[in-house]
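Worksheet: the structure to be examined is printed underneath.
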Amino acid sequence: MTPETARSSDPRRAPLPDTAVLFCAGLDSAVLLALEAQTAKVHPIYVSTGLAWETEELAAVDRLLMDAVYRDVAAVTRLTFPVGDLYAPTHWAIRGEPPAFDTPDEDVYLVGRNITLLSKAGIHCAQRSISRLALGPLAGNPFPDATPAFFTAMSAALSTGLSHRIDIVAPLSTLHKRDVIRRGVELGVPLALTLSCMNPDGGRHCGRCSKCRERRDAFNGAGVDVPTAYATAPIR
């Protein structure tokens, strides 16, 4: 039993504070969930927006949350915020044909992604008196809705509009993916069960999208050997 578990089960101790985590079964969110569970009662939130990979992502969420490292984590809350009227039917994320293996991050930018996720999750948190909302952007994230300035502004907007304090935090924002992997190993996260792919096939990574490339390179950089099932072997 960990000290955190002992504290949460001891009626003489103050209960752990509540925190919500945007959780999608990727490497970063899986490690973030385990990290937050060290000091809080964690409530994972999955926001479905109608993107092509969500069915497989949700299956990965269920597999991950069965692992013992998440035994004290609350059941996942599934929210919906369809974006089919914002992204054209031909958009790669709707069609399920992501940019190729060696494309830059900018090619997979989803306009308004974090605004969408945080808006819906923030309302959920306010309704349940949860004031901390965590998500997992890493160091070097180039997108405008993953900056400290954006999170500060979004925290203020949600807190004002909902009349309930919402602190948006990004605990992994100083880390690169290889560092997150090493932290996940320390925490006992079942990294082999995570899903980092924009075109998964029956629970397997496609091996051809830029997220698969990032995953491969990060494990190599971390010096961690974790088996990943690929539908097609990644390009060398």
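Give the residue, chosen from Val185, Val189, Val226, that is out of contact with any Gly (no Cβ under 8 Å at 6 or more places or on another chain), crowded, with 19+ Cβ neighbours inside 10 Å and under 17 Å from Asp67 (Cβ atoms). Write out each step before concluding.
Details: Val185 fails: crowded, with 19+ Cβ neighbours inside 10 Å; Val226 fails: crowded, with 19+ Cβ neighbours inside 10 Å.
Testing whether each residue is out of contact with any Gly (no Cβ under 8 Å at 6 or more places or on another chain), crowded, with 19+ Cβ neighbours inside 10 Å and under 17 Å from Asp67 (Cβ atoms) leaves just Val189.
Here is a yes/no grid of residues against (1) closer than 20 Å to Gly202 by Cβ; (2) surrounded by fewer than 15 Cβ atoms within 10 Å (Cβ to Cβ); (3) at pLDDT 95 or above:
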{"site": "Pro3", "(1), (2), (3)": "no, yes, no"}
{"site": "Ser29", "(1), (2), (3)": "no, no, yes"}
{"site": "Ala59", "(1), (2), (3)": "yes, no, yes"}
{"site": "Ala68", "(1), (2), (3)": "no, yes, yes"}
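Which pairs do you get when a residue that is free of Cβ contacts under 8 Å to residues at least 24 places away in the same chain, found in segment 137-155, comes within reach of a residue that is small (Gly, Ala, Ser) and open to solvent by less than 50 Å² (accessible area, probe 1.4 Å), reach meaning Cβ atoms under 8 angstrom, with the pair 6+ apart or on two chains? Going by the 8 Å Cβ cut-off, the qualifying pairs are Phe151/Ala170. Total residues in segment 94-105 satisfying the condition of being under 19 Å from the mean Cα position of the chain (by Cα) and acidic (Asp, Glu): the figure is 1. Of all residues in segment 41-57, those satisfying the criterion of being touching a helix residue (DSSP H, G or I) at 6+ places or on another chain (Cβ under 9 Å) and either closer than 27 Å to Arg95 by Cβ or surrounded by fewer than 21 Cβ atoms within 10 Å (Cβ to Cβ) (or both) are Lys41, Ile45, Tyr46, Val47, Ser48, Thr49, Gly50, Leu51, Ala52, Trp53. Has segment 6-22 got any residue that is modelled with pLDDT of 95 or more, under 19 Å from Leu195 (Cβ atoms) and open to solvent by less than 50 Å² (accessible area, probe 1.4 Å)? Scanning segment 6-22 turns up at least one residue that is modelled with pLDDT of 95 or more, under 19 Å from Leu195 (Cβ atoms) and open to solvent by less than 50 Å² (accessible area, probe 1.4 Å).
Whether any residue in segment 207-222 is more than 21 Å from Asn141 (Cα to Cα), surrounded by 14 or more Cβ atoms within 10 Å (Cβ to Cβ) and touching a helix residue (DSSP H, G or I) at 6+ places or on another chain (Cβ under 6 Å) is what I want to check. The answer is no, given that none of the residues of segment 207-222 is more than 21 Å from Asn141 (Cα to Cα), surrounded by 14 or more Cβ atoms within 10 Å (Cβ to Cβ) and touching a helix residue (DSSP H, G or I) at 6+ places or on another chain (Cβ under 6 Å). Out of segment 193-219, which residues are among the polar types (S, T, N, Q) and either assigned to a strand (DSSP E or B) or within 15 Å of Ile181 (Cβ to Cβ) (or both)? Answer for segment 193-219, where residues must be among the polar types (S, T, N, Q) and either assigned to a strand (DSSP E or B) or within 15 Å of Ile181 (Cβ to Cβ) (or both): Thr194, Ser196.
The values are calculated or read from the model by the stated rules, or taken from the named source; none is laboratory data. Keep in mind the model is a prediction, meaning the values are calculated, not measured. Positions of Cβ are backbone-derived with ideal geometry, glycine not excepted, and every protein chain shown enters the neighbour counts. SASA here: full protein model, heavy atoms, side chains in, ligands and nucleic acids out. Shrake-Rupley method; radii C 1.70, N 1.55, O 1.52, S 1.80 Å.
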